[in-house]
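All of the numbers you see were taken from the coordinates with simple rules; none came from a lab. Predicted model, so just to flag it, every value in this text is computed and none were measured. Positions of Cβ are backbone-derived with ideal geometry, glycine not excepted, and every protein chain shown enters the neighbour counts.
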Amino acid sequence: MRRMLLVAAAISLLGIVAGCATQKAAKTEPAQAEPKPLTQYVDTPTGRWMVHDESRPAPPIITPGAECGAAPSDAVVLFDGTEDSLKNWTDGKLTDGKPNPVKWRFVDGYMESVKGGGYAQTKDEYGSCQLHVEFATPANVQGSGQGRGNSGVFLQGQYEIQVLDSYENKTYPDGQCGALYGRAVPLVNVCRKPGEWQSYDIIYHRPMFDKDGKVTRKATFTVFQNGVLIQGHVELTGGTGWINAHAVTEYKPHPDKGPIQLQDHGNPVRYRNIWVRELKD
Ligand code: MG
């Protein structure tokens, strides 16, 4: 019994010593710094608003198209499959100071490039934009490589998103369908078969130049083909023009806006449902 009492007393004493040690340690630890509050304001290009600030202007409400790919309410419809919408297009040349009509073949529902007809280009000009385009390369497969279903979508009349029949058709990768031509290879080849309708959704931010013509912001491209990301915010390195087949120039200054062009590369490529939304810089 006496031994048990002695053990209990010893355990108790150890507990007290341990407690003192803990208290002593707590006193010597530096006081924990209060966590800094999160930034309460967010700087935006349009103002300075508190997080969750309900007085912050909400983005405009627009109505989406009834189907995927259909133009939303704030888009400029460039071609809706009607002959009347060809009035938005020209061959890029003037007669008596007025733009020539486009020299492509119109079929109810689409327009098709004509060999030697020249590019189809918009009468109006655009800079940074979101662009929706649907296209089909010829069902009657002819040629190979760059000679099969070649066309292209040019932003500002400068930068080409390649259109090509790349369904079982080998060519240099930076020139296959979905390439930022000569600059960037698409992330995947998501091409449908020849003759089937496909889509591009392009987010383009134009380059900017200073007063001396030096580029201060390079052009960027995000492209979805048939709903799949193929170019993810790709910055156009190198420049605007060509030196030869394997070399590009530095950026050359050009106006803030330019026409959207569809290339005539000698193959009958079809287009339909084309619309654009201008984006602020
Ligand atoms: Mg092309």
Inset, instruction - For the pairs LYS193/LYS257; LYS87/LYS211; LYS170/LYS280; LYS98/LYS218; LYS98/LYS252; LYS170/LYS257, note any where the Cα-Cα span goes beyond 31 Å. - result: LYS193/LYS257; LYS87/LYS211; LYS170/LYS280; LYS98/LYS218; LYS170/LYS257
Inset, instruction - First check a/c for the range 76-278, with a ≥ b ≥ c the square roots of the eigenvalues of its C-alpha gyration tensor; if it is under 1.5, answer rounded, and if not, answer prolate when a/b is larger than b/c or oblate otherwise. - result: oblate
Legend entry - Other-chain or far-sequence residues with amide H under 5 Å of CYS177's (modelled H): LEU164, SER166
Legend entry - Per-residue HN-Hα couplings for the range 94-105 [Karplus 6.51, -1.76, 1.60; θ = phi - 60°; Hz; x = Gly/Pro]: 10, 10, 6, x, 10, x, 5, x, 5, 9, 9, 7
Legend entry - Cβ crowding within 10 Å averaged over residues, with 155-168, 196-209, 233-246 ranked highest first: 155-168, 196-209, 233-246
Inset, instruction - Give a residue-ordered list of calculated ³J(HN,Hα) values for the range 141-154 (Karplus: 6.51 cos²θ - 1.76 cosθ + 1.60, θ = phi - 60°; whole Hz; x for Gly, Pro). - result: 6, 9, x, 8, x, 5, x, 10, x, 7, 7, x, 10, 9
Legend entry - Taking LYS193, LYS115 and counting other C-beta atoms within 10 Å, the order from fewest to most: LYS115, LYS193
Legend entry - Förster radius 45 Å - calculated FRET efficiency between LYS214 and LEU86, Cβ distance, rounded to 0.05: 0.70
